[in-house]
Structures are given as C-alpha cells and as structure tokens.
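Read the structure below first, then the notes.
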C-alpha cells in the first residue's frame, strides 16, 4: 500500500514523527508520498528520499500558501522550482492548484498564473501533477480545456466532487485519489464518483494530518490509517458486500494494487529519469542508464559533410577541431548574424583567443531539435554536477 498524499513534514507530527512512520510500515504500507506546500520546505523534503527510499516527495506551491508569498516573487519561486526539479529527487509536481474564489491575498488570476507555471514545469520535466481543487472546479475545468496536458498525468488529490464532475476529469485523463472523507457517513458525492471512475484511475491517500477516516474522525490522521480508507473504497467497489470488514481489508489490498499500478509506473519512470540526472557514469551500468534517457545524437546538415554530434558528456561539430565537453561550457547563448542563427559557447580551460565556439544552427536540417537537445543535455550535466557537489558537502 502507498499513501499517495501525506504531509508528514507538518508540525503536528513533530512530537512523534518516527513512531508515526513505524506504525505506517507495521500497517502494511510500503510507500509514502509527501507533497510540498511552500518554497521553504523544498530542500528539507528532498533530503528525505536519500534517508529512506520508501518516502518520496513532490515539489510545488499550495494555493493556500500564496498569501504568505509576495506576488512579485512568484516568477522567482517558479524558476527555483524548475532548477530543483532538474536536479532530480522529486517524483511529482505539487501540491498545487486552486482554492476558493475568496482566498485573501491570492486572487483567482494569481492562482491561475502560478498553476500554469506548475503545469509547464510538469510538462518540461515529465512529472505527474498533484492537483488541489477546492470550490473552484469551474475555473479548473476551463483551464484544463485549454492548457497543454502534462504527459505524466494529473492526480486529483482528495477528490470530493460528484460523478458528473468526475466524468469530465476522466475524459481529460485524470487520476483520482480519495482520502478520509470517503469513509464518512455523509460522503454521498465522493462515493457516487467512486462508482463511475475506472479502477486503473484510482489511488488512495490519508492527507495526514487532516481528514482522518472513520473511526478516527476529529483526530489527527496518519498514514497508518490508509487501510481503513481502502476498506471503505473496497466496500463500494465490491457492492453488494457479503464479506466481513476484515475480508474487505484483504480485498482492498488487491484492489489497491490495481488502482496504484498505472500511477506507480509514472513515479517509477520519474525516479528512473532522476537517476539519469544524478549519475556521472563510472561504470557500464551507469553509462547505459544515462544513455537510455540521453542517447548519442547526430544532427545532419543541409549540405553533405556537415553534422553535429552530441552525447551526455560533450558536443561536437565538423567545423570544430575538437569536441567540447559540457563540463567546460561556461555560457551558451543564441545570436543572429548575417541572417543566420548561431549557438555561441564560452569554453573554459583554453587561451583567451580560443575560448569560444560558434555553431551555425542555420546549417542544420533541424536546428530547433538540435538547440533543444543541447539545452537538455547541458542541463542534465549541470544538474548532475550540482547534485555531486551537494552530496560531497553533506
């Protein structure tokens, strides 16, 4: 079992966090996903998977956190989030989303702008989105009708909408996560939705420390309560029910395995990519892993004999005497000269008269693809170096 949404870093867990985690493993969980709520939590959360691989994290800005941040800093926060996601270590973008039309200090316009930034980063880094939406589903629906879709998908966290709303999100390819309220006696709308959502789009969460399930309602929730949520979900998915509560728990585990399968694969893919951003290959296995995501590339020129080659370590051009290792690229910028587009590199470790390389992108058949690949491969190299520096410092 995996708790797909648990704020284990919340201060309410400070007195007994280790005991909470111990109880979770004892309850049968084998994974916990912790979503960030604000920028100051990002670095501390990224340290957790290095301590226990069963704990994974998402990075984002919760809409309820926006009033605590200056609007003029939103762009800077998103740039920093971009840099952290490029380093690897996070398996999702979020928690992010929309929260109520009257949230003080966070207008709907601002919430939408920040959410668009999160969706763009999810697309860029190939990560799923942990989506929060409270009392703003019409605005969310309009956004998702026009916004480009993250390939790794969107998970509607602690879904509490009805069946008709769920059908819209199903058509958009969303996944759904249900928390403690699905066990509450008055939980009509989420139960109606549960009945129409395909099983391979369903996962479960506790949203700890909030939204404790029955019979713990009103108390602090914790990840070890996940079996109670799954049991009630199983009762609905298995209707009519003739089994005991204990039997439902066992059946819930089988259902949860199916529900989680597709989404867990997304997280596994994200983790696999994160390793490619971390390795400075020293073994064949590490080299093969990096090359799975960053394979050697050849970009053909418009004229015979001209080409650009690229791998995870260096870039070369037939106009150059030697390849340029990414480790020696100090700066890279595009420029237009004489109606042609160039990629200009400043290279370290050479004489002042030979510290530059220019690549004429206009001579390539697909200059946009070459430029995009260069940015991706250089970004991987820099993320890898930053990760190694942080590891050595630690």
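Laboratory data are not the source of any read-out in this text; all were calculated from the coordinates shown. Computed from a predicted structure; not experimentally measured. Glycine gets a Cβ as well: all are built from the backbone with ideal geometry, and neighbour counts include every protein chain shown.
Against the longest principal axis of the chain, how steep is helix 17-26, in degrees 0 to 90 to the nearest 10, with axes from Cα atoms? Roughly 80 degrees between the two axes.
Against the chain, whose longest principal axis is taken from its Cα atoms, helix 137-146 shows a tilt of about 30°. Taking label points 7 Å from Cα along the Cα-to-Cβ direction, residue 149 and residue 27 give a separation of 3.3 nm. If you fit an axis through the alpha-carbon atoms of helix 245-278 and take the longest principal axis of the Cα set of the chain, what angle between them do you get, 0 to 90°, nearest 10? The angle comes out at about 10 degrees. Where does the Debye-calculated log10 I(q)/I(0) of region 1-114 sit at q = 0.09, 0.10 Å⁻¹, using only Cα point scatterers of equal weight, no solvent? For the requested q values the scattering log ratios are -0.27, -0.33.
Taking the DSSP beta bridges in the chain as the whole, what percent of them are antiparallel, to the nearest 5?
Values: 23 of 45 bridges.
Bridges in the chain that DSSP calls antiparallel: roughly 50 percent.
In terms of Cα atoms, the Rg and Dmax of the chain work out to 23.9, 82 Å. The label-point distance for residue 139 and residue 322, in a model that sets each label 7 Å from Cα toward Cβ, rounds to 5.6 nm. Taken along the Cα-to-beta-carbon direction at a fixed 7 Å, the label points for residue 292 and residue 388 span 2.1 nm.
From the alpha carbon centroid of region 14-39 to that of region 172-224 is 17 Å. I need to check one value: relative contact order of the chain, counting alpha carbon pairs closer than 8 Å and at least 6 residues apart, in percent. Taking the mean separation of contacting Cα pairs over the length of the chain, I get 13 percent.
May I have the convex hull volume per residue, in Å³, for the Cα set of region 60-205? Kindly include the intermediate steps, with their values, before the conclusion.
Numbers: hull volume 16.5 nm³, N = 146.
Taking the convex hull of the Cα positions in region 60-205, it is 113 Å³ per residue.
Region 295-393 has equivalent-ellipsoid semi-axes of 24, 16, 12 Å, by the square roots of 5 times the alpha carbon gyration tensor eigenvalues, sorted largest first.
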